[in-house]
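In what follows, a single structure is set out as structure tokens and then discussed.
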Amino acid sequence: MIDILVSANDVEAITQFTVRENHLFVDKGYFTEPGLIENMAQTAAAGTGYHAAQSGLPSPVGFIGAIKNFEVKALPKLGQTIQTTTKVLHQVMHATVVQASVFLNDEMIAAAEFKIFLQN
């Protein structure tokens, strides 16, 4: 649910996604809340995968343990491109807390905090 990984480093990943017709998470011309959550999760996964590849390791499998403080200010329409940023807030052993923010035309339209567990 991302089109491109714009940038990534040890703590941040940025992706872009253009909302298309007939997409699973499009309803009545808008990208829905579950789509925004999935987009945030995939952005976090893309950043983790990129970091693993840079380190010469396989991409780890991750599971969302919790989603906290999910808020939506607006839903993107068909044809609009969103940019999503994830930032690692804390990392303890195999648990990572990530802050995700979705932007449309430089305005934040959604945000959430994810607790993600990575398998060995």
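Every read-out reported here was derived from the displayed coordinates using simple, explicitly stated rules and does not represent laboratory data. Quick caveat, the model's predicted, so the values are computed rather than measured. A quick note on method: Cβ atoms are made from the backbone with ideal geometry, for glycine too, and the neighbour counts reach across all protein chains shown.
Could you order the peptides 83-94, 6-17 from most to least packed, using the average number of other C-beta atoms within 10 Å per residue?
In descending order of packing, they fall as 6-17, 83-94.
Run the simple label-point estimate for LYS77 and PHE63 please: 7 Å along Cα→C-beta, distance reported in nm.
4.1
Report, please, the projected area of the range 4-118 averaged over directions, based on the convex hull of its C-alpha atoms, in nm².
Directional mean of the projected Cα hull area for the range 4-118 stands at 7.0 nm².
Given a Förster distance of 35 Å, report the FRET efficiency between SER7 and LYS28 from their Cβ-Cβ distance, rounded to the nearest 0.05.
Plugging the Cβ-Cβ distance into 1/(1 + (r/R0)^6) gives 0.60.
Return one number: the angle in degrees, 0 to 90 and rounded to the nearest 10, between the long axis of the Cα atoms of helix 33-54 and the longest principal axis of the Cα atoms of the chain.
For helix 33-54, the angle is close to 40 degrees.
Using only the Cα atoms of the range 1-47, build the gyration tensor, take square roots of its eigenvalues as a ≥ b ≥ c, and label the shape rounded, prolate or oblate: rounded if a/c is under 1.5, else prolate if a/b is larger than b/c, else oblate.
Working: a/c = 3.56, a/b = 2.23, b/c = 1.59.
Prolate shape, in that a/c is at least 1.5 and a/b is the bigger ratio.
Report the full-extension gain for the segment SER55 to HIS94: residue separation times 0.36 nm, less the Cα-Cα distance, to one decimal in nm. Let's see the in-between values first.
Values: separation 39, 0.36 × 39 = 14.04 nm, distance 1.70 nm.
Once the chain is fully extended between SER55 and HIS94, it gains 12.3 nm.
Quick one: among GLY35, GLY79, GLY49, which has the greatest mean-square fluctuation in a GNM of the chain with alpha-carbon springs under 10 angstrom?
For the chain, modelled as a Gaussian network with Cα springs under 10 Å, the answer is GLY79.
Mind jotting down the distance between the C-alpha centroids of the range 59-120 and the range 38-53, whole Å?
So the separation of the two Cα centres works out to 10 Å.
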